[in-house]
Amino acid sequence: MLLGVALLSLTAGFGLHHYAEGSWRNQTFESQEEASQAAKNWIKDGGIYTVRLRRSQLLDVPRDPSEVNDEINAMLEIEAGEREKCLKMLETIESADEHKACLDKFFTTKSTDSIPTTDVEKVNVIFKEERFRRDCRPLFTSTAGYVCGEHDIEEGAVINEREERNLRANLSLTYFYVEKQDA
């Protein structure tokens, strides 16, 4: 009986040590391709979470058409007055160059094109991005395997950027090693 308790205690101690060490999460493969595929599958199996990203964006917002029309009408009235002045000046202008410059100024340009039909407004927009709960990076050399981390977050959770930054500090690591082949 005492031997059974000692054996059970030894087995439980070994199991707890093995679990605490984290080696149960480490996997070894014969080639980089196998390790790469295992890491990709591990990422997909981990699921996704969503991050709400708040960004400022400049948007063209249409102006009220009646406001734009009022500005166009005011501009046309000003131009009509200027045209009358030009016509009166044309009677006194003797130089053909001055005459042409006066006509070009008021009859070939459209100042109504300079009246904006939209306003630019800065608005806060919220984007949602889906991200994997798991991610992997190559170990020191391209043939050594991968170190992978899993965020401590529920699959399908929706969080903000600040919460995501806090996630990065607490990763559970898993290693996908490539077994060294002696030649």
Filtering the stretch 40-86 down to residues that are open to solvent by 60 Å² or more (accessible area, probe 1.4 Å), acidic (Asp, Glu) and over 30 Å from Leu139 (Cα atoms) yields Asp60, Asp64, Glu67, Asp70, Glu71, Glu77, Glu82, Glu84
Cβ-Cβ under 8 Å pairs, at least 6 apart or on other chains, the stretch 74-92 side closer than 17 Å to Asp113 by Cβ, far side not in a helix (DSSP H, G or I): Met75/Ile115
I'd like to know if the stretch 4-22 contains one or more residues that are open to solvent by 70 Å² or more (accessible area, probe 1.4 Å), out of contact with any helix residue (DSSP H, G or I) (no Cβ under 7 Å at 6 or more places or on another chain) and modelled with pLDDT of 80 or more. no
Count, please, the residues in the stretch 25-64 that happen to be hydroxyl-bearing (Ser, Thr, Tyr) and either under 22 Å from Ala144 (Cα atoms) or part of a helix (DSSP H, G or I) (or both). 3
Which of the residues belonging to the stretch 121-152 are outside any strand (DSSP E or B) and surrounded by fewer than 17 Cβ atoms within 10 Å (Cβ to Cβ)? Leu139, Phe140, Thr141, Ser142, Thr143, Ala144, Asp152
Every pair of residues 6+ apart whose Cβ atoms lie under 8 Å, when the first sits in the stretch 27-39 and is surrounded by fewer than 13 Cβ atoms within 10 Å (Cβ to Cβ) while the second is at pLDDT below 85 and among the polar types (S, T, N, Q): Glu30/Gln181
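The values are calculated or read from the model by the stated rules, or taken from the named source; none is laboratory data. Bear in mind the structure is a predicted one, so any value in this text is a computation, not a measurement. Reconstructed Cβ throughout: ideal geometry from the backbone, glycine too, with neighbour counts over all protein chains shown. The area values use the complete protein model at the heavy-atom level, side chains included, leaving out ligands, DNA and RNA. Shrake-Rupley method; radii C 1.70, N 1.55, O 1.52, S 1.80 Å.
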